[in-house]
1. Pairs Lys283/Lys322; Lys319/Lys345; Lys294/Lys323; Lys133/Lys294; Lys88/Lys294; Lys80/Lys163: which are spaced more than 26 Å apart, C-alpha to C-alpha?
2. How large is the translational diffusion coefficient of segment 91-217 in µm² per second when you combine the Kirkwood radius over alpha carbon pairs with Stokes-Einstein at 10 °C and 1.306 mPa s?
3. What residues have an amide H closer than 5 Å to that of Val111, excluding those fewer than 5 places away on the same chain, when H is modeled at 1.01 Å from N in the peptide plane?
4. What full-extension length gain, to one decimal in nm, is calculated for Arg346 and Lys370 as 0.36 nm per residue of separation minus the Cα-Cα distance?
5. Divide the volume of the convex hull of the Cα atoms of segment 156-233 by its number of residues and quote the answer in cubic angstrom per residue.
6. Tell me, what is the FRET efficiency for Ile69 and Trp211 to the nearest 0.05, using R0 = 30 angstrom and their Cβ-Cβ distance as r?
7. With Cβ to Cβ distances under 12 Å as the rule, what net charge do the other residues near Phe102 carry (K, R +1; D, E -1)?
8. Roughly how many nanometres apart are two label points built 7 Å out from the Cα toward the Cβ at Lys80 and Asp330?
Amino acid sequence: MAQLCIAKLAKTEDISVLWDLDILGIKDSALRVSTEEHDQQVKEDFQKNLRRADDGRYVVKLPWISESIPLPHNRGVAEKRLQSATNKLISRKEFERYDNIFSSWEAEGIVEVYAEKGTDHDGHYLPHRPVFKSDSLTTPVRPVFDASCRVGNQPSLNQCLEKGPNLVEMILPILLRFRKEKVGAISDIRKAFQMIEVDGEDRKYQKFLWWEDQGKKLLKVYQHCRVIFGMNCSPFILAAVLDFHLSQVPENEKKTNLELLRSLYVDNCVTSFDTLKEYEKFKNESTMILESAKMDLRQWESNADQVMENEITSVLGYKWNKKSDQLYCDIPTEWGEEGDPVITKRSVLSLAAQVFDPIGYTSPAVLQLKLLLRCRNPGRKT
């Protein structure tokens, strides 16, 4: 999910987010205590409402800031955005592939057709758009839902939900423990957010529009049955569910539970062990622990693997050469838009935002970029 942080930085107009990364965990003591107390109370209230379905899957209520939900009726905005997204899909001949994603989600129970009786003004719609990744073999196109969509001065879904603590602060201690022992190991939870079910009463706030066919003659209304990748509260929900689940394990699994809990960053597990035997034991036990919650901890990689499909892989925004056991930061080499030599404040911001480095290895290199962004006129000397 470190890539999510990079994407957020690249698109935001508030460049102060860049400075926030530089001061992770460095806050006024009174403000920190107040924030931590609030986050702890939100977490406790959220976990009190947790329940489990018959198959063991966790069912959650969305963490609303207030009991009064002032979300606007935004179907008109959703329809306009759908037309734009559909035209792009058709022009790139990706409509069928995009449609198949929703069909597979419906078959898996991740989404369902909205069929509640009553007015269509009930609930809230999430506009979506396709994101294309030409270098991906498994997901060359995927839908991204906009929970920050607003209508006039009315709030967005994200503004109505508690977002929880800043999880980016966890990256540094996790990476330090990852480098501590001889055997480094990483894995991730398959479709982690979508493995958590949303209570039926809250699903109407996760509606979205799609077509019955490519002819674009009849609209279909879906609603998400699971937690959405894209809501600002999604990482908090996942972390709170995992924390609760791992606190319920039997006494004989406490050691593995503790190691797993402190090694998780959103859906990534990053840790290290002194021996290969310890790694194999943790791998087997942690996989079974999460399997009971209908979560699949998979794609295990280690520098101790005899066969390595990929010598270089990603670890929380960094690159890891498993063969030489080296961790390094991937620095962008392209400046601005292709074929455009003009340097603008936006291109400077884009370049600076592509460097995701919570440890701070690259601080001397990106310092000049950040100083430029602080100036009202980057072209003038200060």
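1. On the way: Lys283/Lys322 18 Å; Lys319/Lys345 28 Å; Lys294/Lys323 33 Å; Lys133/Lys294 28 Å; Lys88/Lys294 35 Å; Lys80/Lys163 28 Å.
Over 26 Å apart, Cα to Cα: Lys319/Lys345; Lys294/Lys323; Lys133/Lys294; Lys88/Lys294; Lys80/Lys163.
2. Details: Rh = 18.3 Å.
Rounded, D is 87 µm²/s.
3. Glu106, Cys225
4. Working: separation 24, 0.36 × 24 = 8.64 nm, distance 1.22 nm.
Here the answer is 7.4 nm.
5. Working: hull volume 11.8 nm³, N = 78.
Given the Cα convex hull of segment 156-233, per-residue volume reads 151 Å³.
6. Working: r = 28 Å, r/R0 = 0.94.
With R0 = 30 Å, the Cβ-Cβ based efficiency is 0.60.
7. Working: positive: Arg97, Arg142, Lys220; negative: Glu96, Asp99, Glu106, Glu108, Glu112, Glu212.
Every neighbour counted, the sum reads -3.
8. 3.6
The values are calculated or read from the model by the stated rules, or taken from the named source; none is laboratory data. Remember, it's a predicted structure, so these values are computed and weren't measured experimentally. Glycine also receives a Cβ, built like all others from the backbone with ideal geometry; neighbour counts cover every protein chain displayed. Ligands, DNA and RNA are stripped out before the accessible areas are found, and what is left, the full protein with its side chains, is counted by its heavy atoms. Shrake-Rupley method; radii C 1.70, N 1.55, O 1.52, S 1.80 Å.
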